[in-house]
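Encoded as structure tokens, here's the structure I'll be asking about.
Derivation of every value follows stated rules applied to the coordinates shown; laboratory data play no part. Keep in mind the model is a prediction, meaning the values are calculated, not measured. Cβ atoms come from the backbone with ideal geometry, glycine included; neighbour counts cover every protein chain shown.
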Amino acid sequence: MPVKKKTVQRLEQQKMVDFGTAVTRFWTKYAEFDGVAQRSEYWFAVLFIFLVEFVFDLLVNAIPFMGILYWVWSFAIIIPCLSVTARRLHDAGFSAKWLLALWGAIILGFVLLVGGKLSLLFVFSAEAAWIIAGGIAIFLFVVSLLPSKKQNNPYC
């Protein structure tokens with residue numbers, strides 16, 4: 001019985017990747033929100049971002065223009081960070097709509113705080129939105145630690 005092409009692709013996607021491959025995929029799949037990213041790909045991308053941020057942190061006070069480069073870097077990684085997180089959610093068997101829920105709660109909190117002219121009701125509502133965002137962030141962290149969902153995964 002021949003192995004289906006989709007099964008072979010899924011088995012290839014489940015192989016652990018090294019640091020260099022993960023960084024390459026982070027940039028080459030810049031805005032690819034479909035598909036999957038296994039744990040090693042996701043966490044090596046997180047390690048790469050941490051290391052670059054660490055270098056920027058060391059250099060930002062020593063070299064005058066590093067602050068501008070830091071902001072360019074920060075804006076450049078927004079989309080690939082969302083992309084690799086969405087693919088990691090797919091790999092664990094969850095929808096990437098959780099990212100929308102997280103950012104929606106964060107933005108709602110800011111809108112309530114600023115738009116409510118700092119009245120007490122709006123401040124409490126903003127805090128509630130941020131507590132919900134924190135709960136979603138904890139959920140996303142736990143999901144990022146889960147193994148790949150091998151069967152019945154609609155995202156692969």
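Helix 120-145 versus the longest principal axis of the chain: what angle, 0 to 90°, nearest 10, using Cα atoms?
20
Something else now. Using only the alpha carbons, work out the radius of gyration and Dmax of region 85-156 in angstrom.
Cα-based Rg and Dmax for region 85-156 come out at 15.5, 50 Å.
What spacing in nm lies between the two simple spin-label points modelled at K97 and E53, each 7 Å away from Cα in the Cβ direction?
The modelled label-to-label distance comes out at 2.9 nm.
Measure off 7 Å from each Cα along the Cα-to-Cβ vector at L121 and A137, then give the distance between these two points in nanometres to one decimal.
2.8
A further question follows. Scan the chain and hand back the longest stretch that contains none of the trypsin sites (Lys or Arg not before Pro) lying in DSSP loops with at most 12 other Cβ atoms within 10 Å.
Result, exposed sites excluded: 16-116.
Right, here's the next one. Relative to the first principal axis of the alpha-carbon coordinates of the chain, what is the inclination of helix 78-91, with its axis defined by its Cα atoms, in degrees from 0 to 90 and to the nearest 10?
So the inclination is approximately 50 degrees.
Moving on to the next point. Rounded, prolate or oblate: which fits the chain when a ≥ b ≥ c are the square roots of the eigenvalues of the alpha-carbon gyration tensor, with rounded for a/c under 1.5 and prolate only if a/b beats b/c?
Working: a/c = 2.88, a/b = 1.35, b/c = 2.13.
The shape class here is oblate.
Rank the residues F19, F44 as a footprinting-exposure proxy: fewest other Cβ atoms within 10 Å of their Cβ go first.
Least crowded to most crowded, the residues run F19, F44.
Now, a different point. Under the rule of at least 5 residues apart or a separate chain, name every residue whose amide H is placed under 5 Å from the amide H of L146.
Amide H neighbours of L146: none.
Still on this structure: Determine which residues of region 78-97 fall in the zone a paramagnetic label at K150 would reach in this model, i.e. backbone nitrogen under 17 Å from the point 7 Å along Cα→Cβ.
Correct set: 91-93.
So, one more: What do you get for the angle between helix 19-28 and the principal long axis of the chain? Use alpha-carbon atoms, 0 to 90 degrees, nearest ten.
The angle comes out near 70 degrees.
Hey, what do the phi angles of region 100-106 turn into as Karplus ³J(HN,Hα) couplings, whole Hz, using 6.51/-1.76/1.60 and θ = phi - 60°, x for Gly and Pro?
5, 5, 4, 5, x, 5, 5
Taking R0 as 41 Å, what's the FRET efficiency between E32 and A128 from their Cβ-Cβ distance, rounded to 0.05?
The computed FRET efficiency comes out at 0.75.
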